[in-house]
Amino acid sequence: MGKGLAPAEILVARTRRLISFFNSPKQIERLKKAQERCSFNEILMTIKGVSTRWNSTYYAWERLLYLHDAITSMITSLTRSQERDARQDGQKLRRYNLTDEEWNILEKVLDILAPFEEATRLLSGSQYSTLSHMYPVISKLSEIVIPLDLSTPIQIIPENQATILDQDENIYIQETSIDNNSENETNDNIIVSAINNEQLPITSPQRLDNLEEKIKSSLYLALIHYWDMPKDTGLLASLLDPRWKNLDFIDSSKKQDVHTSLHEEYQKLLSSTISEVNSEPIRTSNLSDNMQDSHRTQNRRIRKSFLFEERTSQESNYIDDPISYYLRLPQIRLDSDPFEWWKQQSMDDNRLGQLRQLVKKFLAIPATSAESERVFSDTGRIITPLRARLDAETVRCLVFLKRNMKFCF
């Protein structure tokens, strides 16, 4: 995402600088009072972006738009104050504030990024199959952001090169003040560009001419560049997911290759020694409910789902073998549970029994490392400087309880 937002690097830096103004308790309290004057229904604070999570920038901008009127009110109040300190802060906030055009483009950029935020939440889930969604989602995102004009040259940032979103919030140039015995101070008018490592002034607003199309082009070309060749594992997961089994998001040639790969996997399964299928029921969960529970940020803008649109099902020609029989069945609704569907089909029709083993193999693969990273974060909160001598087994038990306690009550 940082590579896709490269054309808006100055806008990203200017929004970060504005958000950083509200880091101190004094400014937080002033922002609360400004919201009270504006009769906000909820008193909320700014959100600080995290370099390892691009969507934190999305939420930070979303919150900033919510606070726009309060920030404007705060500037007026501070600049008219009788206190010199307050007036200085008001002038600083006025300098940090975005222009009206930048506020408008920020909302449009959020509209462009909204499908990516939804996709990130979907593919970061842990209570439902995620890998089967990966390539359908990438295909849909490519359709959404395909620009009207691809003739504008857009540079693809190399994969191992940092972007503006990879940098810490404190990205401003450190310069030595000319005052005697003074410490280094931050020049909040200059950042180091993540693209070419050159100093980049942000005193002037972002150039907004055709910025939306530039961002769309950059996102589209990045998707094409990094996801040009789908991997068989992800496509097999989609094929074995009854919500995506028609593979409408790839061409017919690639679709035939995936069908061939599934037949090869099935033959390997038949020729190998397979243990008895576990008779315990598969844990089921509703995808839509889990997505709704996974992110409960206040002040979420109401919008329709960009990724879940119902489609008409298509049927292939019937040939009486398990795979062809499965392909002949119609797709199910996108808000259905594929595990529950396979469980029911296996109970009703033993022709799909062996395929169920492949479903367990491929649909259980996570699309991202988000869940592992959550475990790492939990471990970091358990092992602290004051608890640095915890036994490894104790840590394992504590992490297990943290991640599974919700299933006990």
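The values are calculated or read from the model by the stated rules, or taken from the named source; none is laboratory data. Keep in mind that this is a model prediction, so the values were computed, not measured. Here Cβ is always computed from backbone atoms with ideal geometry, including for glycine, and neighbour counts include all displayed protein chains.
Can R95 be described as touching a residue at least 60 places away in the same chain (Cβ under 8 Å), in a helix (DSSP H, G or I) and not β-branched (V, I, T)? Against the criterion (touching a residue at least 60 places away in the same chain (Cβ under 8 Å), in a helix (DSSP H, G or I) and not β-branched (V, I, T)), R95 does not qualify.
Filter region 48-71 for residues that are among the small types (G, A, S) and assigned to a helix (DSSP H, G or I); which is nearest to L110 (Cα to Cα)? Let's see the steps before the verdict.
As a first pass, look at region 48-71 and keep what is among the small types (G, A, S): 49, 51, 56, 60, 70.
Subsequent filtering for residues that are assigned to a helix (DSSP H, G or I) retains 56, 60, 70.
Working: S56: 12, A60: 11, A70: 20 Å.
Once the filter is applied, the top-ranked residue is A60.
Scanning region 79-95 for residues that are surrounded by 21 or more Cβ atoms within 10 Å (Cβ to Cβ) and either polar (S, T, N, Q) or touching a Pro at 6+ places or on another chain (Cβ under 6 Å) (or both) turns up nothing.
Do the conditions hold for Q127, that is, is it assigned to a helix (DSSP H, G or I), in contact with a helix residue (DSSP H, G or I) (Cβ under 9 Å, 6 or more places away or on another chain) and over 21 Å from A8 (Cα atoms)? No.
Could we say that R95 is over 25 Å from the mean Cα position of the chain (by Cα), within 24 Å of T15 (Cα to Cα) and modelled with pLDDT under 95 here? Considered against the rule, which asks whether it is over 25 Å from the mean Cα position of the chain (by Cα), within 24 Å of T15 (Cα to Cα) and modelled with pLDDT under 95, R95 comes out as yes.
For residues that are outside any helix (DSSP H, G or I) and surrounded by 14 or more Cβ atoms within 10 Å (Cβ to Cβ), tally how many sit in region 1-31. Explain how you work it out, then say what you get.
Taking region 1-31 first, the residues outside any helix (DSSP H, G or I) are 1-5, 24.
Filter again for surrounded by 14 or more Cβ atoms within 10 Å (Cβ to Cβ), leaving 1-5.
So the count comes out to 5.
If only residues of region 318-327 that are out of contact with any Leu (no Cβ under 8 Å at 6 or more places or on another chain) and assigned to a helix (DSSP H, G or I) are counted, the one that is nearest to R121 (Cα to Cα) is L327.
When the helices (runs of 4 or more DSSP H) confined to region 328-398 are screened for residues that are farther than 27 Å from S261 by Cα, of a type in the set (K, R) and not assigned by TED's automatic domain parsing to the domain that holds S132, those reaching at least 2 such residues are found at 370-382. Close Cβ contacts (under 8 Å, 6 or more residues apart or on different chains) running from residues in region 357-382 that are of a type in the set (S, T, N, Q) to residues that are assigned to a helix (DSSP H, G or I) comprise Q357/L269; T368/L123; T379/V395; T379/V399.
In the set (1) in contact with a helix residue (DSSP H, G or I) (Cβ under 7 Å, 6 or more places away or on another chain); (2) free of Cβ contacts under 8 Å to residues at least 24 places away in the same chain; (3) assigned to a helix (DSSP H, G or I), the condition left unmet by M45 is number (3).
Could you tell me whether W103 is surrounded by 19 or more Cβ atoms within 10 Å (Cβ to Cβ) and not hydroxyl-bearing (S, T, Y)?
no
Checking the stated criteria, N189 turns out to be surrounded by fewer than 19 Cβ atoms within 10 Å (Cβ to Cβ), modelled with pLDDT of 70 or more and not in a helix (DSSP H, G or I).
Test A34 against the criterion of being at pLDDT below 95, among the aliphatic types (A, V, I, L, M) and assigned to a helix (DSSP H, G or I), and give yes or no. Against the criterion (at pLDDT below 95, among the aliphatic types (A, V, I, L, M) and assigned to a helix (DSSP H, G or I)), A34 does not qualify.
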